[in-house]
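Scroll down for the structure; my scribbles are underneath it.
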Amino acid sequence: MTKYTFHSFLAGIALLLLSACGPEGTSFRIKGSFRDMQAGELYIYNLSDDYARLDTLTIQEGKFLYRGEADEVTSYMLVFPNGMEQVIFAGPGYDLTYEATANDLKNYVVNGSEENQLMNQFRQETYTQNPTEMKVTARRYIKDNLLSPVAIHLFEHYFVEDENVSDDEVADLLKVLKAKHPHNRYVLDIDSKVKSTLKRRVGETLPDVSLVGQKKTTIPLWSKQKKFNLIAFWSIWMPNGYDFLWKLRRCADKYDTDGQLRIVAVSLDMDMRRWEDAVRPDSVKTIEHYCDGEAFESAAIKKMGIHNIPYFILTNQEHKILDCSDDVSQMEEMLKKHIK
């Protein structure tokens, strides 16, 4: 055996032993496999302020391995290139397995803990349900499993993030969950997020923030003044990201005919080079592009109370919110309504 081959052999053995060692203390491990995806990259992140970070997962020969730290059970999100997200619950000492098929990502399975088994059950039950039916099922799972982190995740996903759910229903469910999880940091994070939505309600003033431009320059959001301001939050990795960018360009051409509309596109992308390539055609257009590469961990995003994308806000020249929505199909109607 040559020296090179011998060292390669030792490196392979070391990697195998590292993978075989189970998690201890506050460590956890996720071993993933795909039946029809040999190579690729995914993102994994946690939005809790205590665990907030974003990592890249590399898929090799249909597998990936992720290790992390958590001193309580918390939800991590896998993000695929098409923008689809999947939840995995991880906690101290958890040794989890993830299995999925690339052409049926909705039907993935995570084993290794009660929380993930419960989410497996929820996905199976709602696989063929429409959004209204899924919300009914989510409400039942929350009430039947109040002590589980699954209830917290379902509450945030199906109620907090849904603009059509009444404030009273969100407040009632949150009150029950806070009583069952008085010291849970993720519940407290959600409580803070719910309160932060007040910052983007119609009639409220959208706060000033620092935005990072294409040449790494930083400017205050309200350093420029126009009669109307469309602030759009997006990313290339979200579903139909390029289509959303095209719609913004169409809005600029159609509604900025007399210079009364300012369009600010705030990207939550992490791949700065890919973002710059996507927005380069707008270098001579009226759309202003900003991205700091920190996604949902961005201080600007947190200050403005943005928790899901796409999202857009229309303000007047006093920075009062005139309208806001996450329904892209309503963006042009909103502009038509306010810009005469």
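Is it the case that residue 228 is in contact (Cβ under 8 Å) with a residue 12 or more places away in the chain and over 25 Å from the mean Cα position of the chain (by Cα)?
Spelling it out, residue 228 is indeed in contact (Cβ under 8 Å) with a residue 12 or more places away in the chain and over 25 Å from the mean Cα position of the chain (by Cα).
Based on what the data block shows, is residue 61 over 29 Å from residue 243 (Cβ atoms), modelled with pLDDT of 75 or more and acidic (Asp, Glu)? Yes; evaluated as a whole, the condition is true for this residue.
The condition of being at pLDDT 95 or above and of a type in the set (Ser, Thr, Tyr) holds for only one of 141, 127, that being 141. Taken over region 63-103, the residue count meeting the criterion of being of a type in the set (D, E, K, R) and under 16 Å from the mean Cα position of the chain (by Cα) is 1. For residue 78, are the conditions met, namely being under 21 Å from residue 307 (Cβ atoms), part of a strand (DSSP E or B) and modelled with pLDDT under 90? No, not satisfied. Would you check if residue 237 is closer than 22 Å to residue 335 by Cα and either in contact with a His (Cβ under 6 Å, 6 or more places away or on another chain) or not aliphatic (A, V, I, L, M) (or both)? When the stated conditions are applied, residue 237 does not pass them. At least 2 residues being closer than 24 Å to residue 202 by Cβ and modelled with pLDDT of 85 or more is the threshold, and among the helices (runs of 4 or more DSSP H) wholly inside region 235-340 those reaching it are 241-255, 299-303, 331-338. Listed here are the helices (runs of 4 or more DSSP H) enclosed by region 118-231 that have at least 1 residues being crowded, with 18+ Cβ neighbours inside 10 Å and aromatic (Phe, Trp, Tyr): 131-144, 149-155, 185-196. What residue, of 193, 180, 215, 143, is of a type in the set (D, E, K, R) and outside the structural domain of residue 89 (by TED's automatic domain parsing)? Only one candidate passes the filter, namely 215. Here residue 46 fulfils each of the conditions (1) modelled with pLDDT of 90 or more; (2) crowded, with 16+ Cβ neighbours inside 10 Å apart from (1). Of all residue pairs spaced 6 or more apart or on separate chains, those with beta-carbon atoms under 6 Å, a first member in region 79-91 that is touching a residue at least 12 places away in the same chain (Cβ under 8 Å) and surrounded by 14 or more Cβ atoms within 10 Å (Cβ to Cβ) and a second member that is assigned to a strand (DSSP E or B) and polar (S, T, N, Q) are 87/75; 89/75.
The values are calculated or read from the model by the stated rules, or taken from the named source; none is laboratory data. Everything numeric in this text was worked out from a predicted model, so none of it was measured. Ideal geometry is used to build each Cβ from the backbone, glycine not excepted, and the neighbour counts take in all protein chains shown.
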